[in-house]
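See structure below.
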Amino acid sequence: MFQATAYSGSKAKDYELLIKQLHALSEDETDSIAILSNASALLNQFLAEVNWVGFYLWKENELVLGPFQGLPACIRIASGKGVCGAAVKERETQLVDDVMTFPGHIACDSASRSEIVVPIIINDSVYGVLDIDSPITDRFDETDQQYLEKFVQVLIEFL
């Protein structure tokens, strides 16, 4: 049974605990949708000042909405479109301090002001992306990027 944790250490130590929780929640599960659902819930519980946490999965040359926490979202995103599409096209994390300045930003939630998108690459193929939005600018930093990329690497072990 999962019990919510009060995170109270340094940002890095809290992320390390989060990653351990992801591993514990996923290690005996074989269904990818169940794993991604718990991963999005875990991140939503952990991260402060976010308004959307979830996954888009790569299907037939586009991103399709997967498990998430937050308001209803855009269902399909083409490669190269918006922050998520850029992460797929470039195959690298997109850390956007102010989405209003990002060329071609897709406003699924008009309240979003900053965003981080981590691509999920398995065996050199795009599986999808982890997308996290915040209603404040400059919400995410390099520490978030480092540990969210690590989170995704652990997630890949179970997908």
Percent of alpha carbon pairs in the range 11-157 separated by more than 22 Å?
31
At the level of C-alpha centres, the distance separating the range 104-123 and the range 16-58, in angstrom, is 16
GluC sites (Glu not before Pro) within the range 85-159: DSSP coil, no more than 16 neighbouring Cβ in 10 Å:
E92, E157
What residues of the range 99-124 lie in the reach of a label at T137, counting those whose backbone N is under 18 Å from a point 7 Å from the Cα along Cα→Cβ?
99-107, 110-116
For the A48, E157 Cβ pair and Förster radius 35 Å, calculated FRET efficiency rounded to 0.05 is 0.85
Mind running the shape call on the range 99-148? Use the C-alpha gyration tensor, a ≥ b ≥ c as the square roots of the eigenvalues: rounded below 1.5 for a/c, prolate if a/b tops b/c, oblate otherwise.
oblate
Sequence order, the range 134-149: Karplus ³J(HN,Hα) from phi using 6.51 cos²θ - 1.76 cosθ + 1.60, θ = phi - 60°, Hz rounded, Gly and Pro as x, gives 9, x, 10, 6, 6, 5, 9, 10, 5, 5, 4, 4, 4, 7, 5, 5
Suppose R0 equals 22 Å. What FRET efficiency, 1/(1 + (r/R0)^6) with r the Cβ-Cβ distance, do L71 and D98 give to the nearest 0.05?
0.65
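No lab work stands behind these numbers, since they all come straight from the coordinates. Source: prediction; values computed, not measured. Cβ: placed from backbone, ideal geometry, glycine included. Neighbour counts: every protein chain shown.
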